[in-house]
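Provided herewith is a single structure, encoded as structure tokens, for subsequent inquiry.
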Amino acid sequence: MQLQNAIQASAGSEHMGARAPGAEGAAAPRGEAHGDSTPPLDSRLTGNLKYDIPAGVVVFLVALPLCLGIALASGAPLLSGIVAGIVGGLVIPLISRAQLSVSGPAAGLAAIVLAGITSLQSFQAFALAVVIGGALQLGLGVLRAGAISHFFPSSVIKGMLAAIGVLLILKQLPHAIGFDKDNFASESFKAEGGNTFTMLAQAPQAIEWGAFLISAVCLAILVGWEKTRLAKISWLPAPLAAVLVATLGNELFKVAAPSLALEQKHLVTLPTGDLTSALQLPDWSAIARPEVWVLGVTLAIVASLETLLNLEAVDRIDPWHRKSPPNRELVAQGVANMLSGFAGGLPVTSVIVRSSANTNAGARTRVSAFTHGALLLLAVVFAAGLLSHIPLACLATILLVTGYKLAKPAIFAEMRKLGWNHFIPFVVTIVAIVLTDLLKGIAIGLAVGVLFVLRTQMSRVFDVIHEGARVTIRFNKAAYFFTQGKLVALFERLPSDTHVVVDAQGASYVDHDVAELIRRFQQTAARRNIQVEIRGL
């Protein structure tokens, strides 16, 4: 009833792109008002169920393997990925006003989650950091900080997404060929000096041919699915088809080729029976550890940024052109992350892959996201035994394809066409994230991006026009303090016995330091028999 009331209450609000019933003007959604082919929305909950429930089923089928795969990539218990998916599906639709956005564990946070679990040496301590991050997100929403994403250059954001794709590929290649012996976050692996690159070097020596064959078949399905007639089956998305084929293939190996059959350590392992006892709840004794708070702040910032960027992207593909309120979304995400952390789940964000699937499946309201969360809950409660037959190699392959989509060559070519000012911060962000971690990489990329902005801003701030004994210094744009160096050098080169005109009329802004420098030059120029005329300062 709470969800129903929320949907009905917001059906005619400004965030739905339609006027409230009885208000001046038409109550039709924007699609209808603009005269396009978009069908009108039904303000009744039951009027949209025939679209939202089937869409929720499709999103569930897409989300299930991704929840497991992202937990695998994060070095976290697989159940934590399902928990995050359930919370993202059941909680956020009750608070958020984003009609088509679907939330859950995100591949974009896999690197930072892995690093966090490794540094804290405890998933329970990490769960506490998730609770702290959620509380901070809630505070950001209350403080109306939804515009934070506008302060990051697109080159850094695209670099972050591409770097996540590169990391997914590097970290999942070993799992795709069956090298699951060492978890990235395990103590034994760290004690041996292990990292992503040593894992890649060791993997070929321990290849499991059954896993290799399963990965090859799954890759073929994921890449070629859209070219087959099976793609028209809306309830059978490519990731689910890959999971079904991989699971059945391994069962076939057990009968026809036992040497290729994968052991349980190469399969999904979920607890059965009393699931509540299997949840790894927060370790509240770690609340005094500074690194837990640092990680909480990091999760709050990165998860908020990723959510806001995804929210904007989803609004762009909404057939009804509805605008999702970002501050309300931060509140919803904050509450969900607090609950996910309390229950031993991964961090939650709005996820573009699931949201796109939701939109393409014909969803109209938040009921579809709620449906997908309910189905995830039913699956983990009643079908955990079946899920334990899924090969890890299949999930790794799904993440490999996800990583490629985030870092495909076309993205690099697109950024190169935009010029070096965009391409270099983009590449630096990728390299920095891969070699350090997500937060440091973004900071380094942002610093490089700012340097290029300054470089652009410093270019052609003013032109110098020589006309005999007359020199005109004409400002073309805003002159900030970092323009002083060029001005000082110019003033020192000016010959004696000249008339200098400093024309600042074309500058939208002149920094106080620059203005003082020009006035000091005017006062001292008489010693060199230079007359200075100032305009527009």
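Take the range 413-430 and flag every residue that is within 18 Å of the chain's Cα centre (by Cα) and aromatic (Phe, Trp, Tyr).
Scanning the range 413-430 gives a single hit, PHE426.
Looking at the range 30-74 only, could you name the residues that are open to solvent by less than 10 Å² (accessible area, probe 1.4 Å), over 18 Å from LEU395 (Cβ atoms) and either at pLDDT 85 or above or not in a helix (DSSP H, G or I) (or both)?
Those that are open to solvent by less than 10 Å² (accessible area, probe 1.4 Å), over 18 Å from LEU395 (Cβ atoms) and either at pLDDT 85 or above or not in a helix (DSSP H, G or I) (or both): ASP52, GLY56.
Show me the helices (runs of 4 or more DSSP H) entirely contained within the range 277-380 in which 3 or more residues are modelled with pLDDT of 90 or more.
Answer list for the range 277-380: 290-317, 326-342.
So which of LEU392, LEU386, LEU346, LEU377 is crowded, with 24+ Cβ neighbours inside 10 Å, within 30 Å of GLY249 (Cβ to Cβ) and over 23 Å from the mean Cα position of the chain (by Cα)?
LEU392
Here's another thing I want to ask about it. I need the full set of residues from the range 256-276 which are open to solvent by 90 Å² or more (accessible area, probe 1.4 Å) and part of a helix (DSSP H, G or I), in order please.
Passing the criteria: GLN264, LYS265, THR276.
Grab the helices (runs of 4 or more DSSP H) fully contained in the range 437-537, keeping just those with 2 or more residues being hydroxyl-bearing (Ser, Thr, Tyr), open to solvent by less than 70 Å² (accessible area, probe 1.4 Å) and within 30 Å of GLY108 (Cβ to Cβ).
Per the criteria, no element qualifies.
Sort out for me the helices (runs of 4 or more DSSP H) sitting completely within the range 148-213 that have 3 or more residues that are at pLDDT 70 or above and open to solvent by less than 20 Å² (accessible area, probe 1.4 Å).
The helices (runs of 4 or more DSSP H) meeting that bar are 154-176.
The values are calculated or read from the model by the stated rules, or taken from the named source; none is laboratory data. Bear in mind that the values here come from a model prediction, so they are computed numbers and not experimental data. Counting neighbours? That spans all protein chains shown, and the Cβs are built from the backbone with ideal geometry, glycine included. The area values use the complete protein model at the heavy-atom level, side chains included, leaving out ligands, DNA and RNA. Shrake-Rupley method; radii C 1.70, N 1.55, O 1.52, S 1.80 Å.
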